[in-house]
C-alpha cells in the first residue's frame, strides 16, 4: 500500500462508504488493549516467524479472503453485495495492521453477525410455522461443499439455500428414526442455541478470529491465544483435566477429530479416528444427547470434559461415511492419560514364511515421551522412549527374534531429544537431524554413543498420522539405509513451534524447520515409504499437504554421514513379493475395495433431498459394506453375518475386550513378511556374490 499513499489521501469517501454504512448496526468494537495487542502480534511475527513476514498488499488481499472464509466458510450468510462493499479494503488491511487499526475487522464482523442473525431468524420462524410442508418426495438436492460457490446475489436465493439446508437436516434426523415433530424440535433447539451464542459474541472473540486469520496466512501452526484460550492451551498440553483424549477442530459448523491422544479413552476404544465428526454429546449412560452442530469449539470441549471415570457418549459421523445421515454412538469413560499408558510395548509375532515359522519382534511406540520432572529431580530410573525401547530390545533378544519391526503408525511425535536418541540405538555414531532457524543457521543433532542396542534386520512402519519426531526417526533410518520404511506417506509436519508470551495472551509461533541428514525436509512431503501399503486415510483431508498455507518442502546441504549398503537392488523383488502375497490376502483386498468405493462416493458433494432416493443410497452403502465384509469372511473361511450390527459382535477382541482393527493387524503382518523377505534376499544376494550378507540375522 505504501506505493499508493497519495491515492489513499484522495479517496477517503471510498473507504468511508464501508465505515459509514455500518455503525447503525454495529454491536462490537475493539477495546484499547486489542489495538495494542495487534501491534505487538505483528512485531512478534515479523521478528520471530521462520519466514520473513512482509506486511504488504499481497498479505492484505489474502487476509481479507481468509477472514471472510473463517466467518462464512460455506458462503451462506454474506451476500455478493456485502463482499463488493468490502472489496476496497483488499489493499488497505496491511496499513491498518501496521497502525494497530481494527476498524475494518470489526465492521466486517458486525455485518456478518447481522447476516447470521437474519438467517437464524428465518429458519427459526420457518420451523415454528406448523403450516410449512416438508415434501420429501420432491426430486431436489443440495450441494454441501460451497467453499468455491459464488456469493449469493438475492434474498430469494439465500432463502432457498436455507430452505434446503433445513430440509436436509430434517431428513437426516428423520432417517435417524425421529419423527418430523421430534426433528423440528431438535433443529429449533439447535438454531435457538446458535442465535443465543451469536448474540453473546464478545469483542475478544472478534479479535482472536481476525488475528488468527492473519497467522493462518503464514502457516497452519502459528496461532494467537487470548488470555482465556491460552489457559485452555496450557490445560491441553499438561493433560490436567479429564477428557476423551482427542484433539478437536471446527469445520463446517461441526466438530472434527484432528488426532487421538495415544492411550487416551478415544484411542483405546478403537471406535474413533481422525476426521470423524462429532455431532452430539450426552452425559452418563442414559443422558439426553445435546446437538452440538454450530457450537463454538471451546463450548464443545467443556461439554466433553468432566470428572474422571464418568461416562460421556458421542454421536459421530464416521470419516468414511458416504453421506451425512450415517451416525454411530460411541461410549467413552473419561480419564487422564498417564505416561506409563503411552509407553512403548513389545510383542513377538510368529509369521509363516517360506514353509517355516519365524519369530519377529514388534515394538509399538505411541509417542516420543520423557519424564522431564523425574529427569530434572535426578531420578536414575526416569522413563523415556529410548530407555524403554532399549529394555524391550534386550527382552526380545532373549526370545531369539530374527528381526525387528518398529511400529510408528499414529505416532504424532513428541520429544525431539528422544527421536534423536532412539536413532542411536540402531547406529554406532552419526548425525540424525538438521534444524534451521529464521536466520538460516543450521544446528545438527546426532548420536555420539558408539553402543548399539540392535544390529539385526529392521523395518519401520509408518502411516499418514506418523508426524514430527516420528518422521525424524523414520527419515534418519531411511537415510542411513539402516532399515526399510514400510506403510504410507507420513504426515509431513517438519516445523518447530515456540510459545511467545505477550501482554494480552500468547503466540504459538513457527520458528524452525527440520531437515533430514540427506538435506531433504520432512515438511509437507513427509517420509515416503520404500514399500507402500494401502491406507484408508485420505491425503486430501489429513496431513500437512491438506492444510492451507503449509510451508513448502525444500532442501539444504546434506551433512556427511556413513551409511549401510543400499536396498536399491532388492527393492524390485521386495515389491514383487509383496504384490503377489497381498493379491490373495482377504484384508488387503477389502482395503483396496473400500478405498475405491469411498473415492467414488466422495467425488460428488451433492446430497439428494428425496427421502426414497436417500434411503436407497444409504441401504446401498450398507449392503455394499456388508457384502464386502462377507467376501472377506468367506475368504478367511468364516461364516457370513446377516447385518453390520452382528458383525460388530463377531469382531476379534484384545485382552481388554476392545475390538482389534483387522486392517491395522494385516498391515503389521505384511510389514513382518517384508522384513523376512529382506532377510532372505540379503542372504541370497550374499551367496550369489560370495560376500557377507547385506543384513545379518540378529545376534
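Annotations for the structure displayed:
- The chain: antiparallel DSSP beta bridges as a percent of all, rounded to 5: 80
- Compared with the dominant principal axis of the Cα atoms in the chain, helix 32-48 is inclined by about 30°.
- The chain: angle of helix 662-689 to the longest principal axis, Cα-based, in degrees nearest 10: 40
- Percent of beta bridges antiparallel (DSSP, region 240-333, rounded to nearest 5): 100
- Sorting the segments 409-416, 86-93, 598-605 by their residues' average number of neighbouring beta-carbon atoms within 10 angstrom, most packed first, yields 409-416, 86-93, 598-605.
- In nm, spacing of pseudo-spin labels at residue 655 and residue 51 (7 Å Cα→C-beta vector): 4.9
- Cα shape, region 240-333, gyration tensor, a/c 1.5 rule: rounded
- By the count of other C-beta atoms within 10 Å, a proxy for reagent exposure, 209, 645 are ordered fewest to most as 645, 209.
- Within region 496-540: backbone nitrogen closer than 20 Å to the residue 33 label point (7 Å, Cα to C-beta): 500-508
- Potential extension, residue 228-residue 627 segment - 0.36 nm per residue separation minus Cα distance: 138.6 nm
- The chain: calculated mean residue ellipticity at 222 nm from DSSP helix runs of at least 4, using -39500 (n - 2.57): -13500 deg cm²/dmol
- Helix axis angle, 611-635 relative to the chain longest principal axis, alpha carbon, degrees: 10
- Global form of the chain, assessed from the alpha-carbon gyration tensor, a/c cut-off 1.5: oblate
- A straight line joining the Cα centroids of region 414-460 and region 489-516 runs 20 Å.
- Region 596-636 versus region 305-384: alpha-carbon centroid distance in Å: 30
No lab work stands behind these numbers, since they all come straight from the coordinates. Worth saying up front: this structure is predicted, and the values here are computed from it rather than measured. Cβ: placed from backbone, ideal geometry, glycine included. Neighbour counts: every protein chain shown.
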